[in-house]
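Following: one structure in structure tokens, then a few remarks.
Just so it is clear, none of the values below were taken in a lab; they were calculated from the coordinates. As the structure is a prediction and not an experimental result, all values here were calculated from the model. Here the Cβ is made from the backbone with ideal geometry for all residues, glycine too, and neighbour counts use every protein chain on show.
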Amino acid sequence: MHYIEEGTGDPILFLHGNPTSCYLWRNIIPHLAPLGRCIAPDLIGMGKSDKPDIEYRFFDHAVYLEGFIEKLGLENITLVIHDWGGALGFYYAMRHEDNVKGIAFMEPVFTIPWVVNSDQARDLFMAFRTPELGWKLIVEKNLFVEGVLPNSVVRGLTEVEMEHYREPFLDPATRKPIWRFPNDLPIDGEPADVYEAAVAFNEWAKTSDTPKLLFYAQPGAIFPEEVVQWCRDNLENLETIDIGPGSHFIQEDNPHLIGSETAKWRQKL
């Protein structure tokens, strides 16, 4: 597993989701590097990490992530998490609460039921989960990288930025991880194992006093206002921050606010 690292002290672990990499955190890490050992891995099969012949289920990623944490000897971790990195982070925190100092999260795969903020997005994700059609859209046409990603950044992405995100998935044979993730979304109870895991860490977050910081945007994508309000009403020890205009990849829309506010919160832990 490839990772970048900056700073010293207690670890601050940045976890990305689909279809991104540690590159997503490039403008946020400098705000946190004076406060701890910032580590941003590429999930297995993503970014510059190896691409072994595995299924790339949620639980495969969880095994690799836990092995990564153990290999680096990370203790007293602050998690900064997004998208499927959000699900992986909450799943890890639920099972290793004593090793997690706090959780800063944004647009995570977290809520039950999983929601999106438009019928168009819902229809697209259901198409991704349709056998053969989903494979054609994601693997053959690379729609997640070429469509979902740039259309989920309000300011738009430059060609240079797009090239960074394209680079790990130039060959259709490398796109299986991108395809698997939407098929593992816990929608209507399926797949059952991921759904059960999501219910479990969702319930854990309601009662755990682990400090939590939620960044949200307007209009957001999978964290629209009603989900943010649900979090305020239900999650223990939560602070929330509105970053302003943004969709799903909010680190691309307002990284410096996210970085500076995370740094202020981290100093209080």
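Loop-located GluC sites (Glu not before Pro) across the stretch 60-115 with a Cβ neighbour count of 10 or fewer within 10 Å are lacking, with loop assigned by DSSP. Based on Cα contacts under 8 Å between residues 6+ apart, the chain shows a relative contact order of 23 percent.
Overall dimensions of the stretch 1-137, expressed as equivalent-ellipsoid semi-axes from the Cα gyration tensor (√(5λ), whole Å, largest first), are 27, 17, 15. In the chain, one over the average inverse separation of all distinct C-alpha pairs is 18.4 Å, which is the Kirkwood hydrodynamic radius. Taking 0.36 nm per residue of sequence separation and removing the Cα-Cα distance, the His96/Val199 pair yields an extension gain of 35.4 nm. Annotated for the chain: lysine pairs at least 8 residues apart or interchain, Cα distance under 25 Å, count 19.
When the Gaussian network model of the chain links Cα atoms closer than 10 Å, the mean-square fluctuations of Asp253, Asp98, Asp42 top out at Asp98. Rounded to the nearest 0.05, the FRET efficiency derived from the C-beta distance between Lys268 and Asn151 at R0 = 45 Å is 0.80. Between Ile44, Ile54, Ile258, the GNM of the chain built on Cα springs shorter than 10 angstrom shows Ile54 fluctuating the most. Only the Cβ atoms of Lys and Arg (+1) and of Asp and Glu (-1) were treated as charged; on that basis the dipole of the stretch 20-135 about its Cα centre amounts to roughly 320 debye. Packing order of peptides 5-15, 117-127, highest average first: 5-15, 117-127 (average count of other Cβ atoms within 10 Å over each peptide's residues).
When both bridge partners sit in the chain, DSSP labels roughly 15% of those beta bridges antiparallel. Label separation (Glu159 vs Ala62): 4.3 nm, computed from points 7 Å beyond Cα along the C-beta direction. Working note: 222 nm ellipticity from helices only, DSSP H runs with n ≥ 4, each -39,500 (n - 2.57), summed and divided by the residues of the chain, gives -11500 deg cm²/dmol to the nearest 500. Taking only Cα atoms and a 10 Å spring cutoff, compute GNM fluctuations for the chain and point out the largest among Val194, Val63, Val100. Of Val194, Val63, Val100, the most mobile in the Gaussian network model is Val63.
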